[in-house]
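Trainee: This is the structure I have questions about; it appears just below.
Just so it is clear, none of the values below were taken in a lab; they were calculated from the coordinates. Because the structure is a prediction, the values reported are computed rather than measured. Reconstructed Cβ throughout: ideal geometry from the backbone, glycine too, with neighbour counts over all protein chains shown.
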Amino acid sequence: MQQIVNFFIRKKTFFLFLLLFAISLVFTIQYHSYHRSRFVNSANFLSGGIFSTTNSINSYFGLKEQNLKLQQENSRLKSLVYNQTQTHDSAIIDTTSYNGIYKVTPAIIYKNDYSKNNNVLLINKGKNDSISQDYAVVSDLGIVGITDNSSSKFSTVLSVLNTNVLISAKLKKSNHFGTISWDAKSPSLVNLTEIPKVAPVKLGDTIVTSGRSAIFPKNISIGEVVDFNIDKAGNFYKLKVKLFNDMTSLNHVYVIENKDKAAIMELLNGNNE
Amino acid sequence: MNSTLKIILRFIVLVFLQVTIFNYVNFLGYINPYIYVLFLVLFPLRNNKSVFIISAFLLGLSVDMFSDTGGIHAGASVFVAYIRPIISKFSFGTLNEMYSVKFNSVEFSKRLTYITLIVANHHLMVYFLEFFNFSHILTILKYTFLSGIFSITLIFLITFLFSSKNK
């Protein structure tokens, strides 16, 4: 017994190393798996506070560009409003009082990553703004990611540029479904797989979300096809999609909550049993 | 006591610089230097290996928290902290194993070997844990090499900048 105790005391550095390294490995494995409520994340008051300070400084450098983007978005939405033919019976004052199934919250990106394998963003909205896991995050031009961990004031967002994130998408013109994933090669290109061979794919085709996942609403634009080939088995297309979004310069985004999601999930889980 | 305070201050400053500036350099799109390794390089190691390993873990974990990378930096830092005695024995010879404050008086080539070995081990571990896949070994080596050169240059610049007043 004495010898065992002595052994541990003599090798205590080694065992300490082993313990701490094992803890790091557990965190690393969590990092490589989708949604495992990460223990260490940046959505806490310390890192959130520091990133909000740095963002308040950095945001001045891109003000003109961001204003231009917002103006473009406004003009696009205005042209939609002016050109719509059917009239509503009552005016919709704002999105929060609008009684649809999607609730939209504006947010600002505090931390943007695009050079890692699993990129995670930080936004300035959290539980206080009724944001929780698995809400869609989009920008004017297209999809951005899916919310993950939330604290009271901040949330982390799993970016489209995250190898763990899979998003259901379709060809806009023919409604053939597939899955969007990222191969960590370029921050502007993602892969779209599982599009059947019968689909009429052409270069420049628009890819939009399919609305099948209860996270993203239907028909949010994603990108355009820049390259395609048939996969090895010969049944499916493998498409390279260039994102409409410039993931390297994001600032203003919108978080979309699907109010029917709980009901949908309940129904789906009930069917599985 | 004064030196403890200095180490804590160095910890905070390095983590702050790393997560606010050096994580967003994105040179050529993906190359970022990890200058917080300087803490592991300069930590005075006498007879307190456990303290060193624990502080390395905390260092890595704070960087992980800010960059949402799980336990990648914590793992790499703990690994380097554990093997540092071997590295310093290799670069400075057995006599200098317990070197303390006189880091800048050691001759240049020995310092270069020492810093290069620490940075190389650390970066290799970081990118291995990030890819977590042996089939990407070439990419891992490429990232280690490019980012490593960047980090070594910056670490040397910082040690030169803060060395003159000690003489």
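Trainee: In square nanometres and to one decimal, what's the mean projected area of the convex hull around the Cα atoms of the protein assembly as shown?
Mentor: Spelled out: convex hull of the Cα atoms, projected over all directions, averaged, 29.0 nm².
Trainee: Another question about this same structure. Using only alpha carbon pairs under 8 Å that are at least six residues apart, calculate the relative contact order of the stretch B:4-75 and give it in whole percent.
Mentor: 27
Trainee: Same structure again: Charges at C-beta only: +1 for Lys and Arg, -1 for Asp and Glu. How large is the resulting dipole of the stretch B:3-162 about its Cα centre, in Debye rounded to 20?
Mentor: Charge dipole, the stretch B:3-162, about its Cα centre: 500 debye, nearest 20.
Trainee: Just counting partner chain Cβ atoms within 10 Å, what average do the residues of peptide B:51-58 show around their Cβ?
Mentor: Mean shielding count: 3.
Trainee: Which residue fluctuates most in the GNM of chain B (Cα springs below 10 Å): B:Ser91, B:Ser151, B:Ser50?
Mentor: Taking springs between Cα atoms under 10 Å, the residue moving most is B:Ser50.
Trainee: How big is the stretch B:3-162 in terms of Cα radius of gyration and Dmax, in angstroms?
Mentor: According to the Cα coordinates of the stretch B:3-162, Rg and Dmax are 14.9, 44 Å.
Trainee: Related question: Based solely on C-alpha atoms, express the radius of gyration and the Dmax of the stretch A:144-273 in angstrom.
Mentor: Cα only, the stretch A:144-273: 15.7, 49 Å (Rg, Dmax).
Trainee: What does the convex hull of the alpha-carbon atoms of the stretch A:157-223 project to on average, in nm²?
Mentor: 4.6
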